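> Handing you a structure now.
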Amino acid sequence: MKKLYTILFALVLFQTAFAQEKPKTPIGGRPNIPSNLSFEFGFNQLNNRPEDMSLNFFGSRTFNVYFQHPFKIFGETSGFTFDPGIGFGTDKYAFKDRKNLFNDVEKGPESSDLLEVTEVYGENIRLNKNTFAANYIDFPLDLTYHFNKTNHYKGFRVSLGAKLGLLYEAHSKIKFTDSDGLERKIKDSQNYGLEKFRYGLTLKAGSPGFYAWMYYGLNKTFQQGMGPIGTGATQLNFGVAVNVF
């Protein structure tokens, strides 16, 4: 997370310098800055997953931070922009029935199986926290239509695009109290058989300051034969977002 904040801080400094000569809207309006720093909040689900791989809806969350720069296309007043960018995406998985991902020694080091936590750490434990997270460097690419063709900082807009991602870290985080009252916190970082790259389609709709979004993954979340229960599941994420500038 420290690296993420460092990079975000650098992006803000770059954007501030880039926008020094740009006029701003009156107090209470959105700054007239020709780039977007957005924070996306939502939920992470799996399509085509086995029944035994169910997720707790509210515990399976997504948080994305993206910096995008719009380029006008098809003319100054066409209303269309192409918005490439870069950022970070974190997808959390909260598996039901006290389950989580563990390495499957029979498949190899980059693999996983879905097991009950008590099966690994003992029956006589009190489970306090049980999550799994996958972290990506993402490259969003949006084609946006602005209904206000002369002022893109006002009015409704719709984006259809794609997102490419590179997995840079994944981990499980388990916290429990054993039968002797000892609290244990275990964070296990490894690949878990996840695909190193992801790609899919995105849809966004809203105002310059607030929008709803969806991501539909086109490739499988886990490598063939390396994930739990032989799953061929794909990602489906959705939620709301705010543009800081």
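> How far, in nm, would the chain grow between F80 and V105 when pulled straight, counting 0.36 nm per residue and subtracting the alpha carbon separation?
3.9 nm
> A further question on this structure: Excluding the sites themselves, what is the longest stretch of the chain that contains no GluC sites (Glu not before Pro) in a DSSP loop with at most 13 other C-beta atoms within 10 Å?
Longest run free of exposed loop sites: 124-245.
> How big is the stretch 157-245 on each of its three principal axes, counting only the C-alpha atoms and giving the largest first in Å?
So the three principal-axis extents are 57, 33, 20 Å.
> Further, regarding this structure: Work out the length of the dipole vector of the chain about its Cα centre, built from +1 on the beta-carbon of each Lys and Arg and -1 on the beta-carbon of each Asp and Glu, and round it to the nearest 20 debye.
Once rounded to the nearest 20, the dipole reads 1040 debye.
> Apply 1/(1 + (r/R0)^6) to the Cβ-Cβ distance of F156 and D178, taking R0 = 51 Å, and write down the FRET efficiency to the nearest 0.05.
0.40
> Go through the stretch 74-89 residue by residue and turn each phi into a ³J(HN,Hα) via Karplus (6.51, -1.76, 1.60, θ = phi - 60°); whole Hz please, and just put x for glycine and proline.
Coupling constants for the stretch 74-89: 6, x, 5, 10, 6, x, 9, 9, 10, 10, x, x, 8, x, 10, x Hz.
> Related question: Among P109, F58, N48, which residue has its Cα positioned farthest towards the positive end of the charge dipole of the chain, with +1 placed on the Cβ of Lys and Arg, -1 on the Cβ of Asp and Glu, and the dipole taken about the Cα centre?
Sorting the options by dipole projection puts first F58.
> Which cross-chain or sequence-distant (5 or more) residues have an amide H under 5 Å from the amide H of Y192, H modelled 1.01 Å from N in plane?
S111
> Sticking with this one: If R0 is 35 Å, what FRET efficiency do you get for E123 and F63 from their C-beta distance, rounded to 0.05?
Efficiency computed from Cβ-Cβ geometry: 0.55.
> Using helices alone, what [θ] at 222 nm do you get for the chain, with -39,500 (n - 2.57) per DSSP H run of 4 or more residues, divided over all residues and rounded to the nearest 500?
Per the formula, -2500 deg cm²/dmol.
> Here's something else I'd like to know. So, in nm, how far is label M214 from label D97 when the simple model puts each one 7 Å beyond its Cα toward the Cβ?
2.9
> Output ³J(HN,Hα) for the stretch 214-220: one whole-Hz value per residue in order, computed from phi by the Karplus curve 6.51 cos²θ - 1.76 cosθ + 1.60 with θ = phi - 60°, and x for Gly and Pro.
My calculation for the stretch 214-220 gives 8, 10, 10, x, 9, 10, 6 Hz in order.
Bear in mind these aren't lab numbers, they're just calculated from the coordinates by the rules spelled out. What you see is a predicted model, and the numbers here were worked out from it, not measured in a lab. As a convention, Cβ positions derive from the backbone with ideal geometry for all residues, glycine included, and neighbour counts pool all protein chains shown.
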